[in-house]
Amino acid sequence: IGSNGHIAFNEPDTPFDSLTHIADLNESTIKDNSRLFSSIKEVPTKAVTMGLKSIMNARKIVLIAMGKSKAEAVKNLIKGKISKRVPSSILRNHPDVTIYIDQDAYSLVK
């Protein structure tokens with residue numbers, strides 16, 4: 001899960017019926033991934049990703065969130081409305097999702 005609630009590079013406002021596609025990454029995702037590159041200019045601005053419908057068609061889904069930077073996204077996933085603004089929220093409609101999170105990522109849910 002990304003700090004903005006994206007999953008698998010399905011950024012906010014990605015249609016819930018999306019299939020595999022090339023996604024335009026938003027500024028927060030680019031910034032979050034810049035730690036993996038020597039310069040923010042090297043960070044890709046697009047990614048190939050499974051769409052949300054493709055993900056929801058899986059028999060089992062596993063989501064991992066670690067660190068304080070994921071706390072708001074985890075709170076919105078667990079307690080927020082199911083909304084395209086928070087793509088991960090659609091996972092609440094899946095019958096078999098396992099979420100692994102640490103205390104920092106869970107800190108705003110309590």
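The values are calculated or read from the model by the stated rules, or taken from the named source; none is laboratory data. Worth saying up front: this structure is predicted, and the values here are computed from it rather than measured. Reconstructed Cβ throughout: ideal geometry from the backbone, glycine too, with neighbour counts over all protein chains shown.
A single member of Ser18, Ser28, Ser3 is modelled with pLDDT under 95 and touching a Lys or Arg at 6+ places or on another chain (Cβ under 7 Å), and it is Ser3. Filter the range 71-110 down to residues that are outside any loop (DSSP other than H, G, I, E, B), free of Cβ contacts under 8 Å to residues at least 12 places away in the same chain and closer than 19 Å to Asn10 by Cβ, then give me how many there are. The number of residues fulfilling the criteria is 1. For the criterion of being at pLDDT 95 or above and more than 12 Å from Gly5 (Cα to Cα), Ala65 fails.
For the residues Ser38, Ser107, Ser34, Ser69, the requirement of being out of contact with any helix residue (DSSP H, G or I) (no Cβ under 8 Å at 6 or more places or on another chain), surrounded by fewer than 18 Cβ atoms within 10 Å (Cβ to Cβ) and polar (S, T, N, Q) singles out Ser38.
Among the residues of the range 2-33, the one identified as outside any loop (DSSP other than H, G, I, E, B), touching an Asp or Glu at 6+ places or on another chain (Cβ under 8 Å) and among the polar types (S, T, N, Q) is Thr29.
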